[in-house]
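The values are calculated or read from the model by the stated rules, or taken from the named source; none is laboratory data. Here the structure is a predicted model, which is why all the values come from computation and not from measurement. Backbone-built Cβ (ideal geometry, glycine too); neighbour counts: all protein chains shown.
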Amino acid sequence: MSIFQELVPSFSLENWAPASLRKYLFGDDSENIENLCAMMMNSDGEYSSLLISERILKAYQKLDVSHRLDFFRLLNEQYDLDIDALSSAVENYADNANAKSFRHLTQIAEPKRQELFRRLNLAPGGTKQLVKMREHLRLLTRDHPKLAKMDVDFRHLFNSWFNRGFLNMRLIDWTTPAHILEKIIAYEAVHEIGRWSELRRRLEPTDRHCFAFFHPSMEDEPLVFVEVALTESIPSKIESLLDGDELPVPTEQANCAIFYSISNCHAGLAGVSFGNFLIKQVATNLKQRFPQLRKFATISPVPGFRKWIESNEQNDEFIDWFSQFAEDSENDSATGAVPKSVQQLAARYLVEEKNHRSEPLDPVARFHLKNGASLDRLNWHADLSEKGLKQSYGLMVNYIYDLATVEENHENYMQNQKVVCNNVIRKSIGK
């Protein structure tokens, strides 16, 4: 199919086809997306389906928010499961469980829109446009929750299409083409990159590395990337990694690899796991290149901490302290030890506070703990940027990736939601 897609643009069918066929295959500037979807689902020809898919995607690009909502409602309602046909297929399979009845059941058991999405994916650039379509859908789902079942379709298909086996890991450095470097700047989600000189400081020194996953259908679009610093010890502040004033750590002296920024690039791929595979593959890659590395760790934000503090009445007694802490930090006058009670509160937030799925409340904690990392250290005064104070009063944490125990930790987390942390943190909350 990929060869076929490459050959399609070379055909000049549009020049010699009869007017009636030309209109059917190529349409005009005023496309009705509802009719096009019906046309494609009724088409048995691979080439005609491909061309109609292109027309649907072009028509979709012209839709405003209101008409996107109409389009999604159409797919949600008219391209849903056929309950009567499904019930009949289940009964038929129960009576005669052979390959024919099984094949028919599996076909009926998925919504028609999944097949529509598969056909749209055949169009050149179709994968990227479907990722964008899901991003639009997720925004609308907030106010129109009935559309959420269609997001299940997207997630199901994307988990197959973006399977780890299809992804390519690439090293991103200062010699990487500029159009990809521009996207690294645009997609950086943890520590903003304001200028090219800042990007250069993260990519060019010998103690800095950046790796990204790419998909064959989106070759110029990084899906997720991780920035790594080689250091002599695990840092307690992000500033030391970002300010660029320090000389590069000589390779032979580095014994720690620090993951200090991990960014998912496309909101339309939310819920599709990339970062966990990337971190483990990067750690393995770095260990092979630099055998002297002994520790793999993060310096991570705690993006939900301040919101939790200020929205939980049980924390009222700490609000004044945190407010003063933030004010002093903004004025560069934050000094002194953090009270034990405050440290206990932060530890409790990371270890004990859970969401409705019984997972850690903090999203970054969920990510790293699910990947098999362990919570190692709380760092105050670690990120005194405006964003750092707004998210967590400057708190950052270190997660440790021990390659010998990540799989065991991952299994414990998946089965029991167990938060693995060091004894100091566990004892601070009486565990």
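A few notes on this one:
- Any hit, the stretch 144-158, residues being within 22 Å of Ser240 (Cα to Cα) and either surrounded by 13 or more Cβ atoms within 10 Å (Cβ to Cβ) or touching a residue at least 12 places away in the same chain (Cβ under 8 Å) (or both): no
- Yes/no for Arg195 being loosely packed, with under 14 Cβ neighbours inside 10 Å, more than 28 Å from Glu46 (Cα to Cα) and at pLDDT below 95: yes
- For the stretch 67-76, the criterion of a residue being out of contact with any helix residue (DSSP H, G or I) (no Cβ under 9 Å at 6 or more places or on another chain) and acidic (Asp, Glu) is satisfied by no position.
- From the list Leu378, Leu389, Leu369, Leu384, the lone residue that is among the hydrophobic types (A, V, I, L, M, F, W, C), in contact with a Phe, Trp or Tyr (Cβ under 8 Å, 6 or more places away or on another chain) and either surrounded by 15 or more Cβ atoms within 10 Å (Cβ to Cβ) or part of a helix (DSSP H, G or I) (or both) is Leu369.
- Given (1) in contact with a strand residue (DSSP E or B) (Cβ under 7 Å, 6 or more places away or on another chain); (2) under 26 Å from Leu286 (Cβ atoms); (3) not aromatic (Phe, Trp, Tyr), index of the condition Pro360 fails: (2)
- Of all positions in the stretch 228-241, none carries a residue that is over 25 Å from Ala382 (Cβ atoms), modelled with pLDDT of 95 or more and in contact with a Cys (Cβ under 6 Å, 6 or more places away or on another chain).
- Residue in the stretch 262-283 that is β-branched (Val, Ile, Thr), under 24 Å from Ala365 (Cβ atoms), part of a loop (DSSP other than H, G, I, E, B) and touching a His at 6+ places or on another chain (Cβ under 8 Å) present: no
- Sole exception among (1) in contact with a strand residue (DSSP E or B) (Cβ under 8 Å, 6 or more places away or on another chain); (2) closer than 14 Å to Arg306 by Cα for Gly394, by number: (1)
- Residue check for Phe154: within 17 Å of the chain's Cα centre (by Cα), among the aromatic types (Phe, Trp, Tyr) and under 19 Å from Lys280 (Cβ atoms): no
- The listed residue being out of contact with any Lys or Arg (no Cβ under 6 Å at 6 or more places or on another chain) and within 22 Å of Lys149 (Cα to Cα), out of Ser48, Ser101, Ser87: Ser87
- Scanning the stretch 106-132 for residues that are at pLDDT below 95 and among the hydrophobic types (A, V, I, L, M, F, W, C) yields Ile108, Ala109, Leu122, Ala123.
- Val90 vs. criteria touching a residue at least 40 places away in the same chain (Cβ under 8 Å) and surrounded by fewer than 17 Cβ atoms within 10 Å (Cβ to Cβ): no
- Residue in the stretch 323-334 that is surrounded by 12 or more Cβ atoms within 10 Å (Cβ to Cβ), in contact (Cβ under 8 Å) with a residue 60 or more places away in the chain and among the charged types (D, E, K, R) present: no
Here is a yes/no grid of residues against (1) closer than 30 Å to Leu120 by Cα; (2) touching a residue at least 60 places away in the same chain (Cβ under 8 Å):
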| residue | (1), (2) |
| --- | --- |
| Thr175 | no, no |
| Ile184 | yes, no |
| Arg201 | no, no |
| His209 | no, yes |
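- The stretch 115-173, residues that are in contact with a strand residue (DSSP E or B) (Cβ under 9 Å, 6 or more places away or on another chain) and among the polar types (S, T, N, Q): Thr127, Asn168
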